[in-house]
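The values are calculated or read from the model by the stated rules, or taken from the named source; none is laboratory data. Here the structure is a predicted model, which means the values were calculated and not measured. Here the Cβ positions follow ideal geometry from the backbone for every residue, glycine too, while neighbour counts run over all protein chains shown. In case anyone asks, the SASA skips ligands and DNA or RNA and just uses the protein heavy atoms, side chains included. Shrake-Rupley method; radii C 1.70, N 1.55, O 1.52, S 1.80 Å.
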Amino acid sequence: MVQGRSLSSISRRRFLQSSGAVLGATALGSSFLAACAGTGGGGNASLPTLQQWYHQYGETGTHEAVLRYAKSFKQANVNVSWIAGTGNAYPDKVRAALLGSNPPDVFELPTISVSQVKAGQLEPLDDIIADVKSDFLSADLAPFTVDGHVYGIKMISDPTFIYYRKSLFQQAGIAQVPQTVDELIDAAKKLTTSDRKGIYLGPDGGESALYQIAGWAAGGDFISSDNKVAFNTDRMAAAYGKIHELNASGGVLPDAPTFWWDPSAFTQGLAAMQWCGLWAMPGITKALGDDFGIFPWPALDSQSQPATVNGGWAEMVAAKGKNVAVAKELVKSLWVGSIATQIDWNVGYGFHVPPRASIAQQTTKLQSSPASDAVNILNKYGHATPIYCCLLYT
């Protein structure tokens, strides 16, 4: 953990608080609220009852959607709890519940821990994902896999990348998007004027946005396949040096009223480029029309490739729940069996990529550029931090 945040979920947890892409904007301080229960299956007394937890999504319509999904499940009555709060409020509540004798049967998290698996808190889901496992990217499976067993099935995928104004690139004489970090630094300087900076990476200069991605774009990783430290290399060091060089170039907007996950600095013309995510694309389109494009964080040099993060949330089953078999059937019905549900959940309210590749290909809203570019970036350059990596930061 880095200051209490896992490598695979730091950005996710923080940017989705403000973007409305996942975590809602309603803060309740240190208190928790489990509210708005809904039952599925018509409240049939002869059926088992499942407790299903979601954190508070910010997009309008998401709460109604999960209640509708619950009601459509005919093998059990499904009580949905919509857990309000920001930051670690929801994950902490789940972790505490898993330690008790009455955990939620079904719940979502952005990642899992090895300790949860070793403690027998999570039910393996290999049997329900087996037929479609090859339809998921490896980066969709890594954060939820321990010793070869899958404990979570991905619900949404959220790639991040650099948005840029096409017209400003043209005015600055930049013929193509940067392919290396040196080219990005050069572009940021060319795009900087007296009233506009070249790029915005957040008020911390990209520390929270890029600390994993820069390493991947250098061709490195943080832990090896045999779970040994792998980030202590010259190339990884050079990648972070380039972020410093970019910030020292004069082409970076040092601060803005919003963090990097909110596109306001970009749409308001404070910067010609901004690091942000797919969730912001509908708002950017509304503000700028077709005068923007996207590209991944550039490679360190010709020896490596660009990179992005494959983040998002997955659904899991408590191993100590009262109705484990039925709970697994609920997860299977939503995130394995129902194409309509997976498309609806990803693009019906916000803007995400369905984790199953075949379903992403069927999602009409993702079939034209620049949304299709985002899917290609995710598929080609997306990474996820293996859960063992978190042990290095505990």
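Would the range 269-276 turn up any residue that is at pLDDT 95 or above, open to solvent by 10 Å² or more (accessible area, probe 1.4 Å) and not polar (S, T, N, Q)?
yes
Give the residues of the range 311-331 that are basic (K, R) and either open to solvent by 30 Å² or more (accessible area, probe 1.4 Å) or under 18 Å from F222 (Cβ atoms) (or both), sorted by residue number.
K320, K322
Taking the range 300-349, which residues are among the small types (G, A, S), touching a residue at least 24 places away in the same chain (Cβ under 8 Å) and either part of a helix (DSSP H, G or I) or under 22 Å from H383 (Cα atoms) (or both)? It would help to see each step written out before you state the result.
Step one: filter the range 300-349 for residues among the small types (G, A, S), giving 302, 304, 307, 311-312, 314, 318-319, 321, 325, 327, 333, 337-338, 340, 348.
Subset that is touching a residue at least 24 places away in the same chain (Cβ under 8 Å): 302, 304, 307, 311-312, 314, 318-319, 321, 327, 333, 348.
Selection gives S302, S304, A307, G311, G312, A314, A327, S333.
In the list S134, S157, which residue meets the criterion of being of a type in the set (G, A, S) and outside any helix (DSSP H, G or I)?
S157
Working only within the range 87-96, note down all residues that are in contact (Cβ under 8 Å) with a residue 12 or more places away in the chain and either farther than 19 Å from A142 by Cβ or touching a Gly at 6+ places or on another chain (Cβ under 8 Å) (or both).
In the first step, residues of the range 87-96 are kept if they are in contact (Cβ under 8 Å) with a residue 12 or more places away in the chain; the result is 87-91, 93-95.
Within the range 87-96, G87, N88, A89, Y90, K93, V94, R95 qualify.
Go over the candidates D135, D158 one by one and state the one that is within 22 Å of G277 (Cα to Cα), open to solvent by less than 60 Å² (accessible area, probe 1.4 Å) and not aliphatic (A, V, I, L, M).
Values: D135 fails: within 22 Å of G277 (Cα to Cα).
Result: D158 is the single residue among D135, D158 that is within 22 Å of G277 (Cα to Cα), open to solvent by less than 60 Å² (accessible area, probe 1.4 Å) and not aliphatic (A, V, I, L, M).
Which of the residues spanning the range 212-256 are among the aromatic types (F, W, Y) and open to solvent by 40 Å² or more (accessible area, probe 1.4 Å)?
The answer is F231, Y240.
Taking the options S138, S167, name whichever one is more than 30 Å from K332 (Cα to Cα) and of a type in the set (S, T, Y).
Criteria check complete, one pass: S167.
Any residue in the range 264-281 that is more than 22 Å from V309 (Cβ to Cβ) and assigned to a loop (DSSP other than H, G, I, E, B) sitting within a Cβ distance under 7 Å of a residue that is at pLDDT 95 or above and among the aromatic types (F, W, Y)? List the pairs, counting only those 6 or more apart or interchain.
If the second residue must be at pLDDT 95 or above and among the aromatic types (F, W, Y), the pairs left are L270/Y200.
Sort out which residues of the range 72-117 are part of a loop (DSSP other than H, G, I, E, B), open to solvent by 20 Å² or more (accessible area, probe 1.4 Å) and farther than 23 Å from S157 by Cβ, and write them in order of number.
Once the filter is applied, which keeps residues that are part of a loop (DSSP other than H, G, I, E, B), open to solvent by 20 Å² or more (accessible area, probe 1.4 Å) and farther than 23 Å from S157 by Cβ, the range 72-117 yields K74, Q75, G100, S101, N102.
Among what's in the range 337-370 and is in contact with a strand residue (DSSP E or B) (Cβ under 7 Å, 6 or more places away or on another chain) and either open to solvent by less than 20 Å² (accessible area, probe 1.4 Å) or at pLDDT below 95 (or both), pick the residue that is farthest from L47 (Cα to Cα).
L366
Is it the case that T308 is among the hydroxyl-bearing types (S, T, Y) and open to solvent by less than 10 Å² (accessible area, probe 1.4 Å)?
Against the criterion (among the hydroxyl-bearing types (S, T, Y) and open to solvent by less than 10 Å² (accessible area, probe 1.4 Å)), T308 qualifies.
Does any residue of the range 184-202 turn out to be hydroxyl-bearing (S, T, Y), closer than 19 Å to T308 by Cβ, open to solvent by less than 30 Å² (accessible area, probe 1.4 Å) and not in a loop (DSSP other than H, G, I, E, B)?
Yes, the range 184-202 contains a residue that is hydroxyl-bearing (S, T, Y), closer than 19 Å to T308 by Cβ, open to solvent by less than 30 Å² (accessible area, probe 1.4 Å) and not in a loop (DSSP other than H, G, I, E, B).
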